[in-house]
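These notes concern the structure reproduced below.
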Amino acid sequence: MIRKMKIPFNVPYITGKEMNYIEDAITKLQLCGDGDYSKRISKFMKNQFNIEKSFFLTSGSAALDMSAILLNLKKGDEVIMPSFTFVSTANSVVLRNANIKFVDIDPTTFNIDTEKIEENINENTKAIFPVHYGGISCNMDTILKLKKKYNLKIVEDAAQGVNAKYLDKYLGSIGDIGCYSFHATKNYICGEGGLILINNPDLGERAEIIREKGTDRTKFIRGEVDKYSWVDIGSSFLGSEILAAFLMAQLDELSKIQYMRKKIFLKYNEDLKILQERGVLKLPFVPNYSTPNYHIYYIVLKNEQQRNKLMIDLRNRGIQSVFHYIPLHSSKMGKKLGYKANELPITEEYSKRILRLPIYPDLKIDEVEYITSEIKRLLY
Ligand SMILES: *Cc1c(COP(=O)(O)O)cnc(C)c1O
């Protein structure tokens, strides 16, 4: 008998406590930002991740946009980042009219190649935005040395890196600023949501103002001023209490969710190891300094044709797999900004060879077995 399963690429995980927390927020008539649940999230981050100051926001993109405002990026400034990332990393810089210097990736981790950063630094360089791809850490030691040597700011795009570590530090807590996402496709979710982590204390006061539409309303609420008014630029970056309540239910199950993802990640590794040994494909590489959160499981095929064919063959067997990213420098917008294809050979090659497989807490081990046995059948 032919087994055929239907396996979607992603299924959001629900803990079961979300409704209770949301109901509680509604009962207390706390609907807008900065209520009990938003405060609980920040306290949780302090206790669990050792993050001194954080603010719950509408999205990870909002956290990046706020970061670019906080760094005072302006026309003529340059920011270093990988091209192999989600558009939000780049949009935050472009929205401030600053320039991006895209740096190639390391083919073993898909993270920015830290050996290629220094040659891209000049007198206009203001910041580095490292992206922790799939929750596997960048080499932060090298990045922090460059920060010191050239007096740069570091904004970690840890949208995919919640509850993952570089050595003994949580991702997002290492640079001047860290950015988390709680989008429905991430590890801990609330539909749309994010968090900005302010690790550099000099940026804390202004962060409060920028996220409150450029007003000193937060000081007013604390009773430090007797009225609030427009004092800086800003926008409505605060996330709603309804979503904060949803997220808190997820954070309560932080370790359980990570453990469920880890089991799947390790099962893929175990089943597919033989293909890597035979040189058929490559599996994710985790450097010694990284403790991942198992956000993404990917395989690297020989070339684009093989990758695309495998994706279709898997789809015909009920398995949804996806790839990303179209490198930002060679995208439609990238070309409009003047970047040329062929500038970043590793990024271009590897973005064509990567295939992402389903990974989410409710994915069953026998479903993983079905996926890996079909991959073996198709690639032998
Ligand atoms: C998801 C993601 C973002 C954006 O997060 P949103 O919450 O969807 O706005 C930014 N950067 C990276 C690398 C991401 O994966």
### Task
Scan region 145-165 and give yes if some residue there is open to solvent by 30 Å² or more (accessible area, probe 1.4 Å) and among the β-branched types (V, I, T), otherwise no.
no
**So K267, is it part of a helix (DSSP H, G or I), farther than 26 Å from E367 by Cβ and not aromatic (F, W, Y)** = no
Being touching a helix residue (DSSP H, G or I) at 6+ places or on another chain (Cβ under 9 Å) and over 26 Å from S92 (Cβ atoms) is the requirement here; does I359 meet it?
yes
Restricted to region 173-188 and to residues being touching a strand residue (DSSP E or B) at 6+ places or on another chain (Cβ under 7 Å) and surrounded by fewer than 24 Cβ atoms within 10 Å (Cβ to Cβ), the residue farthest from N10 (Cα to Cα) is D176
Scanning region 54-78 for residues that are away from the ligand (no atom under 16 Å from the Cβ) and either within 21 Å of the chain's Cα centre (by Cα) or surrounded by fewer than 21 Cβ atoms within 10 Å (Cβ to Cβ) (or both) gives L70, L71, N72, K74, K75, G76, D77, E78
Among residues of region 89-105 being more than 16 Å from I128 (Cβ to Cβ) and not hydrophobic (A, V, I, L, M, F, W, C), the residue most open to solvent (accessible area, probe 1.4 Å) is N97
Screening I242, I177, I233, I210 for residues that are of a type in the set (V, I, T) and within 16 Å of the ligand (Cβ to nearest atom) leaves only I177
Residues of region 1-30 being open to solvent by 90 Å² or more (accessible area, probe 1.4 Å) and of a type in the set (A, V, I, L, M, F, W, C), in sequence order, are M1, I2, I14, M19, L29
The residue from E348, E369, E343 that alone is part of a helix (DSSP H, G or I), open to solvent by 70 Å² or more (accessible area, probe 1.4 Å) and not aromatic (F, W, Y) is E369
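The values are calculated or read from the model by the stated rules, or taken from the named source; none is laboratory data. Predicted model, so just to flag it, every value in this text is computed and none were measured. Ideal geometry is used to build each Cβ from the backbone, glycine not excepted, and the neighbour counts take in all protein chains shown. Quick note on the areas: whole protein, heavy atoms, side chains included, nothing else; ligands and nucleic acids left out. Shrake-Rupley method; radii C 1.70, N 1.55, O 1.52, S 1.80 Å.
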